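Report on one structure; see the data block that follows.
The values are calculated or read from the model by the stated rules, or taken from the named source; none is laboratory data. Keep in mind that what you see is a predicted model, and the values were worked out from it rather than measured. No Cβ is skipped: glycine too gets one built from the backbone with ideal geometry, and neighbour counts run over all protein chains shown.
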Amino acid sequence: EAGVTQFPSHSVIEKGQTVTLRCDPISGHDNLYWYRRVMGKEIKFLLHFVKESKQDESGMPNNRFLAERTGGTYSTLKVQPAELEDSGVYFCASSQPRGGKYNEQFFGPGTRLTVL
Amino acid sequence: AQSVSQHNHHVILSEAASLELGCNYSYGGTVNLFWYVQYPGQHLQLLLKYFSGDPLVKGIKGFEAEFIKSKFSFNLRKPSVQWSDTAEYFCAILGGGGADGLTFGKGTHLIIQP
């Protein structure tokens, strides 16, 4: 079974440009999460989709970040315009809840974003 | 707000040494507790988790963790480490504080010297 995949693995852009990150969850996983790790800091939750609906976006840093999950399959995270402090590793995770109980979140390899 | 504190950012041990990585959390309600590991060049993967029941939890690769509610702690242990345990280890909680995602500690880089 394929795991969570993310594209691209690395992205280097200049301040003010736009970048779109993509996450493909494990097939059949309704839950999709985005996290970010800024260098030297902890991995921080950004938002959570259940199918195509945003369940919780309390961790989104500001309105320069837009996440979508049309059709409830893959998700994109767009940063527009990018700022220097957006540099970091963006992780995606997915899980399939059963009966309301928490299920393990499976993580992708991450996208390393560098804003110059 | 909930938070997780990992006591050591870098730990260097020799093979066969015993390991204990500290983790304390801050949250007053019921929490689910996790340890994740990221081996060099690999994805984050779950080592073990605690939801309820026996506070001593066994995980993969010989790891275990003990939940001590009175100390808000969930320390990770392994009696005898191997070179292949070199990795970054993350403690995380899932609480009822409103956010659906995991709250992570800053991670501990563990280096095992052969």
Checklist outcome for this item: For residue A:116, the lone unmet condition from (1) under 19 Å from residue A:8 (Cα atoms); (2) away from chain B (no Cβ under 14 Å); (3) surrounded by 14 or more Cβ atoms within 10 Å (Cβ to Cβ) is (3)
Checklist entry - Is it true that residue B:26 is out of contact with any strand residue (DSSP E or B) (no Cβ under 6 Å at 6 or more places or on another chain) and either away from chain A (no Cβ under 14 Å) or in contact (Cβ under 8 Å) with a residue 40 or more places away in the chain (or both)? => result no
Item to check | Test result for residue A:106, over 11 Å from the mean Cα position of the chain (by Cα) and aromatic (Phe, Trp, Tyr) | outcome: yes
Checklist outcome for this item: Of A:91, A:45, the only residue that is facing chain B (nearest Cβ under 10 Å) and touching a residue at least 40 places away in the same chain (Cβ under 8 Å) is A:91
Next on the checklist: Condition first: charged (D, E, K, R) and facing chain B (nearest Cβ under 8 Å). Now tell me which residues in the stretch A:27-42 satisfy that.
Outcome noted: A:41, A:42
Next on the checklist: So if I check each of B:12, B:93, which one is of a type outside the set (Ser, Thr, Tyr) and at pLDDT below 95?
Outcome noted: B:93
Checklist entry - Somewhere in the stretch A:78-86, is a residue of a type in the set (Gly, Ala, Ser), under 20 Å from residue A:28 (Cβ atoms) and modelled with pLDDT of 95 or more? => result no
Next on the checklist: Suppose the filter is at negative phi, within 13 Å of chain B (Cβ to nearest Cβ) and not in a strand (DSSP E or B); does residue A:61 pass it?
Outcome noted: no
Next on the checklist: I'm trying to understand the selection: among the residues of the stretch B:2-26, which are at negative phi and in a loop (DSSP other than H, G, I, E, B)?
Outcome noted: B:2, B:7, B:8, B:9, B:15, B:17, B:18, B:22
Checklist entry - With A:20, A:76 as the choices, which residue is touching a residue at least 24 places away in the same chain (Cβ under 8 Å), surrounded by fewer than 19 Cβ atoms within 10 Å (Cβ to Cβ), in contact with a helix residue (DSSP H, G or I) (Cβ under 9 Å, 6 or more places away or on another chain) and part of a strand (DSSP E or B)? => result A:76
Checklist entry - Among the residues of the stretch B:67-109 satisfying the criterion of being more than 18 Å from residue B:48 (Cβ to Cβ) and within 7 Å of another protein chain (Cβ to nearest Cβ), which is surrounded by the fewest Cβ atoms within 10 Å (Cβ to Cβ)? => result B:98
Checklist entry - Wholly within the stretch B:48-113, which strands (runs of 3 or more DSSP E) include no fewer than the required count, namely at least 1 residues that are closer than 30 Å to residue A:61 by Cβ and touching a strand residue (DSSP E or B) at 6+ places or on another chain (Cβ under 9 Å)? => result B:73-78, B:87-95, B:108-113
